[in-house]
Amino acid sequence: MLSDDPFPSVDVVGWVIVEEETSGATPKLWLAEPDTDPEVHWLFKAVTVKDDHVHGEDWAEKAASHLGALLRLPCATVELARWNALDGCISRNLRPQYCQMQPGRAQLEKYDAPGYVHRSKGKDHPGHTLSNIRAVLSGVLSPPDCALPFDGSAFDVFAGYVVFDAWIANQDRHDHNWSVLIPGTATPGPTRLSGSYDHGSSLGFGMRDARCEEMLATEGSVERWCGRGQALRLEGRPSLIDAAQEALELASPEARAYWPGQLQRVRDSEVRRVMDRIPRMSDAQRSFAVKLLEVNRRRLLDVCA
C-alpha cells in the first residue's frame, strides 16, 4: 500500500566523509553510511540561501526522483538530509564499483564533437547540441537496469531525460549533468549511459511564496512562466519544449512514441501524492509546482500529438 506520510529526512552528521567537492557555493560531500557497504556513497548537497531566502534544491531533487520513477526513467535515488545544521539532500552514486563515470564534457572532447567548447559559465555553450550528444552516444548502451520495453539506444533514453527536463522545468542539463559509465579493464563490458541526476534546478525551486501566490492568482501567468523555460546549457538556448521535441525527432520511432506515452499515462493523483509527501515546501510552492507540472505535461503532449 502506498504511503501518504511525509518523506523523512536523514541525519547524516555521523556518516563518514569520503571526499569533499570544492566546486560550487554550497557544501558538497561524498558520504558513506556507517555499518553498511562502504563502497556505496551518497552526495550531500546543501541548499542555497540567498538574501535570507532558502532555495528548494533539496525538495526539488527529492520530488524529481519520484516523478522520474512515474515515467520509468532511470535516475538517482534521493533522500532529504541534514548535516551539521544544514538542510539538503543526499543522492546515491550511480556509478557501479567496476566503472568509471565520465561526464558528457569528456565524451564530447574525446570524439572532437563539431563546434564543441566547454564553458562552465556564460550564456553560450557551443557544440553542446542534441545532435552532437547523439553522435557521441553512438555505440553506448542504455543505463544498467533500464526498463525500456524495446531495445533502445543510449540516446533513446537520453531523449527521455530531455522530455523529463521539459516536464519538471529543469533548465540545467549541462555537460556535467549527464555521464557515461565505462567499465574497468578487470571487468570488461559495454559502456553505458548513466541514469539521470542533479535535478535541483527544477519545479520553481527558487520561487518565493509571494510570487507563487501572485502567479497562481493571475490567469495565464503560470503558462507564460512555463513558456519562458529554456534549456540554458544547450547551444542556442532552445525552449525546453523545443529541446524535447528535437530529442524525440532524433531518437528511434519506438522512443518517439514511448516517452510521450509514459507522460500520458501519469495520473494527476500520482503527481499530487508525490508532491503532498514533500516536506520543506510551503503550500504556495507546492501548488505552483503542481500547476507547472500540469501545464508542461499538456504542452509536451500537444507538440507530440
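Here is how the numbers come out for the structure above:
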quantity: Residues of the stretch 111-141 satisfying the condition of being in contact (Cβ under 8 Å) with a residue 60 or more places away in the chain and crowded, with 17+ Cβ neighbours inside 10 Å; calculated: His125, Gly127, His128, Thr129, Leu130, Arg134
quantity: Boolean, Pro6 is surrounded by fewer than 19 Cβ atoms within 10 Å (Cβ to Cβ) and touching a residue at least 24 places away in the same chain (Cβ under 8 Å); calculated: yes
quantity: Candidates Ala247, Ala257, Ala289, Ala243, filtered to the one that is among the hydrophobic types (A, V, I, L, M, F, W, C), farther than 16 Å from Asn170 by Cβ and part of a helix (DSSP H, G or I); calculated: Ala257
quantity: Qualifying residue in the stretch 209-230 (condition: aromatic (Phe, Trp, Tyr), modelled with pLDDT of 95 or more and not in a helix (DSSP H, G or I)); calculated: no
quantity: Top-ranked residue of the stretch 94-127 - restricted to ones that are modelled with pLDDT under 95 and small (Gly, Ala, Ser), ranked as nearest to the chain's Cα centre (by Cα); calculated: Ser120
quantity: Test result for Ser153, hydroxyl-bearing (Ser, Thr, Tyr), modelled with pLDDT of 95 or more and surrounded by fewer than 18 Cβ atoms within 10 Å (Cβ to Cβ); calculated: no
quantity: Residues (crowded, with 24+ Cβ neighbours inside 10 Å and among the acidic types (Asp, Glu)) located in the stretch 156-174; calculated: Asp156, Asp165
quantity: Among the candidates Leu300, Leu248, Leu240, Leu292, residue that is surrounded by 19 or more Cβ atoms within 10 Å (Cβ to Cβ) and touching a strand residue (DSSP E or B) at 6+ places or on another chain (Cβ under 7 Å); calculated: Leu240
quantity: Residues that are closer than 26 Å to Arg286 by Cβ, in contact with a Phe, Trp or Tyr (Cβ under 8 Å, 6 or more places away or on another chain) and not hydroxyl-bearing (Ser, Thr, Tyr), drawn from the stretch 177-198; calculated: Asn177
quantity: Failed item in (1) free of Cβ contacts under 8 Å to residues at least 24 places away in the same chain; (2) exposed (fewer than 12 other Cβ atoms within 10 Å of the Cβ); (3) over 26 Å from Arg286 (Cα atoms), with Asp52 passing the rest; calculated: (3)
quantity: Residue in the stretch 212-227 that is crowded, with 22+ Cβ neighbours inside 10 Å, more than 20 Å from His176 (Cα to Cα), under 21 Å from the mean Cα position of the chain (by Cα) and not small (Gly, Ala, Ser) present; calculated: yes
quantity: Which numbered condition Trp59 fails, given (1) assigned to a loop (DSSP other than H, G, I, E, B); (2) within 19 Å of the chain's Cα centre (by Cα); (3) not β-branched (Val, Ile, Thr); calculated: (1)
quantity: In the stretch 112-143, the residues that are of a type outside the set (Gly, Ala, Ser) and touching a Ser or Thr at 6+ places or on another chain (Cβ under 9 Å); calculated: Pro114, Tyr116, Arg134, Leu137, Val140, Leu141, Pro143
quantity: Some residue of the stretch 268-275 being outside any helix (DSSP H, G or I), basic (Lys, Arg) and farther than 14 Å from Trp167 by Cβ; calculated: no
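Results for (1) of a type in the set (Val, Ile, Thr); (2) closer than 16 Å to Gln107 by Cα, shown as yes or no for each residue.
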{"site": "Gln171", "(1), (2)": "no, no"}
{"site": "His176", "(1), (2)": "no, yes"}
{"site": "Thr187", "(1), (2)": "yes, no"}
{"site": "Arg192", "(1), (2)": "no, yes"}
{"site": "Cys212", "(1), (2)": "no, no"}
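The values are calculated or read from the model by the stated rules, or taken from the named source; none is laboratory data. Here the structure is a predicted model, which means the values were calculated and not measured. Here the Cβ is made from the backbone with ideal geometry for all residues, glycine too, and neighbour counts use every protein chain on show.
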